Amino acid sequence: MKYTKNFYQIRSNAHILAQLKKEQETVGYYKLPFADTSEIKRFAQGVTQKTIAVLGIGGSSLGSSAIYDFLKRKYHFGKTLLFFESTDPVDIKDKLDRIDPDDTFFIIISKSGTTVETISIFKYLSSTINFHAGNTAVISGTGTPLHHFADAEKIPFFELQQNVGGRFSVFSVVGLLPLAIIGVDIDNMLRGAQKVYQGFFEREKIYEMLMEKARFFVENKNRFRINVLFSYSSSLEGFNKWYVQLWAESLGKRNINGTRQGLTPLGLIGPVDQHSFLQLIMEGVRDKTVTFIKVADFEEQLIIPPQTPIPKLEYLEGISFSRLIALQADATIEAIDAEGDIPYDVITIDKVDEYNIAELMYSYELLTSIIGAFLQINTYDQPGVEAGKIILKRKLGA
Ligand code: PA5
């Protein structure tokens with residue numbers, strides 16, 4: 001009798017921690033929060049243009065866009081950040097109409113330097129805009145076509161190191177440069193990420209929290225395939241998009257045994273999606289976990305005045321919107337809790353600032369790495385997106 005086995009092995013937390021420590025020798029994102037930012041800050045100070053246009057897609061834009069989105073309503077930056085991501089001609093035209101090319105600084109970001117969306121937009125803009133050292137910076141890998149272009153035109157070039165994947169690059173120059181230029185305190189931002197790194201690798205509370213959560217997701221992945229992020233702030237819409245990319249592109253893989261893996265990410269915004277998707281969570285198939293994200297202090301005292309002339313719902317009068325949205329989140333959480341069979345957790349961010357969003361994003365990067373390690377997949381590649389790219393190139397006659 002012959003016997004071979006191919007059982008899926010659930011690893012211990014200690015094994016996963018050791019793997020993540022070892023990964024740091026080859027995976028560059030872990031240590032990004034500890035890098036020296038002086039060159040980025042010095043460069044950022046020299047940029048005088050009012051609009052900063054980022055040309056980039058996926059990991060090259062979603063991270064900085066998420067942080068900008070989170071902060072912009074509160075910080076009222078003196079500069080505007082605009083993202084050219086899509087090949088949608090109406091979108092390109094609309095964005096072009098909104099900028100003054102003479103008062104715009106362009107940051108072309110592509111690690112590969114060959115991404116169709118970024119390069120086609122760049123080519124189009126170059127027909128009317130003169131890209132030069134005074135209005136452009138390039139972020140790319142070394143030796144890419146974009147790098148050569150920057151060198152030839154003497155345009156400032158910032159290297160994105162090979163071992164940092166796009167979707168894990170928010171704390172590299174990819175995220176830091178545009179954010180520093182518009183005035184974000186990038187050092188404070190990195191401090192938020194450092195705190196999570198230290199807490200995790202020194203096995204503090206955040207270690208227990210992330211391990212327990214990852215383990216639950218992995219052990220129940222066939223039952224709860226969908227992970228809903230229910231963010232109670234309009235400012236977290238960009239974060240939701242970033243999370244969806246991080247989760248989907250990192251975890252949707254075949255594992256070392258060729259078995260298909262993946263958890264499906266979904267981003268909702270409260271209270272808006274209480275009036276849509278919540279019904280499916282409450283009464284639909286029990287295949288979802290829900291993570292609520294709340295902001296403890298919006299630092300915005302907008303109060304519904306007492307004794308308004310509008311009849312009914314008088315109980316709304318005299319309360320602040322900060323309190324109202326918190327109560328709405330709590331009411332939804334309580335309703336889900338009462339169902340008894342919907343796994344959920346609640347993350348509360350102290351306030352809207354760069355430190356807090358960085359803490360959140362770095363902890364999600366770690367969570368993704370932990371789950372990837374449990375699933376025994378390569379979290380950092382994306383072979384599944386290559387097929388479409390090859391077909392597109394053929395269609396384009398490349
Ligand atoms: O996470 C990733 O690797 C991708 O989402 C990339 O960031 C995206 O495809 C853009 O690639 P590039 O930076 O090479 O233009």
Heads up, I need the accessible area for THR289: 1.4 angstrom probe, whole protein in place, Å², nearest 10. 0 Å²
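Given R₀ = 45 Å, FRET efficiency for GLU159-LEU280 by Cβ-Cβ distance, to 0.05? It would help to have the intermediate numbers written out before the result.
Values: r = 45 Å, r/R0 = 0.99.
So, using R0 = 45 Å, E works out to roughly 0.50.
Taking only the C-alpha atoms, wrap a convex hull around segment 307-363 and report its volume per residue in Å³ as a whole number. Please report the intermediate quantities before stating the final value.
On the way: hull volume 6.5 nm³, N = 57.
Here the figure is 113 Å³ per residue.
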Could you sort PHE277, PHE158 by accessible area so the largest value comes first, with the probe set to 1.4 Å? PHE277, PHE158
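Calculate the dipole size of the chain relative to its Cα centre from +1 charges on Lys and Arg beta carbons and -1 charges on Asp and Glu beta carbons; express the result in debye to the nearest 20.
Values: 43 positive and 47 negative charges, 324 e Å.
Here the size comes out at about 1560 debye.
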Residue-level accessible surface for THR368, protein heavy atoms, 1.4 Å, Å²: 0 Å²
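Please quote Rg/Rh for the chain to two decimal places, taking the Kirkwood radius as Rh and restricting both calculations to Cα atoms. Provide the component values of the computation, followed by the final result.
On the way: Rg = 22.6 Å, Rh = 22.8 Å.
Dividing the radius of gyration by the Kirkwood radius yields 0.99.
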Show that you can apply the helix-only estimate: for the chain, add -39,500 (n - 2.57) for every DSSP H stretch of four or more residues, divide by all residues, and state [θ] at 222 nm to the nearest 500. -14000 deg cm²/dmol
Solvent accessible area, Å² - GLU317, 1.4 Å probe, full protein context: 40 Å²
As a percent rounded to 5, the proportion of antiparallel DSSP bridges among beta bridges in the chain is 5 percent
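Can you flag which of LYS31/LYS111; LYS241/LYS351; LYS79/LYS195; LYS31/LYS351 are past 27 Å Cα-Cα?
Values: LYS31/LYS111 18 Å; LYS241/LYS351 20 Å; LYS79/LYS195 29 Å; LYS31/LYS351 25 Å.
The pairs that break the limit, which is 27 Å between Cα atoms, are LYS79/LYS195.
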Per GNM of the chain with C-alpha springs under 10 angstrom, the most fluctuating residue out of THR264, THR308, THR104 is THR308
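When a/c reaches 1.5 or more, the comparison of a/b and b/c decides; with that in mind, is segment 188-375 rounded, prolate or oblate per its Cα gyration tensor?
oblate
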So if I average 1/r over every pair of distinct C-alpha atoms in segment 174-216 and take the inverse, what Kirkwood radius in Å does that give? 11.8 Å
Please identify which residues in segment 148-172 have an amide N closer than 14 Å to a label point set 7 Å out from the Cα of ALA133, following the Cα→Cβ vector. 150-157
Carbon and sulfur atoms: what percent of the 1.4 Å accessible area of the chain do they account for? 53 percent
Quick one: accessible area per residue over the chain, 1.4 Å probe, rounded to a whole number of Å²? 49 Å²
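Once R0 is set to 51 Å, what does the formula 1/(1 + (r/R0)^6) return for the Cβ-Cβ distance between ASP297 and TYR3, expressed as a FRET efficiency to the nearest 0.05? Show your work: numbers first, answer last.
Values: r = 60 Å, r/R0 = 1.18.
E(calc), rounded to 0.05, equals 0.25.
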Row for segment 118-270, column shape: gyration tensor on C-alpha, a ≥ b ≥ c, rounded if a/c < 1.5 i.e. under 1.5, prolate if a/b over b/c, else oblate; value prolate
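The values are calculated or read from the model by the stated rules, or taken from the named source; none is laboratory data. What you see is a predicted model, and the numbers here were worked out from it, not measured in a lab. Note that each Cβ is placed from the backbone with ideal geometry, even for glycine, and that neighbours are counted across all protein chains shown. With ligands, DNA and RNA removed, areas are computed over all heavy atoms of the protein, side chains included. Shrake-Rupley method; radii C 1.70, N 1.55, O 1.52, S 1.80 Å.
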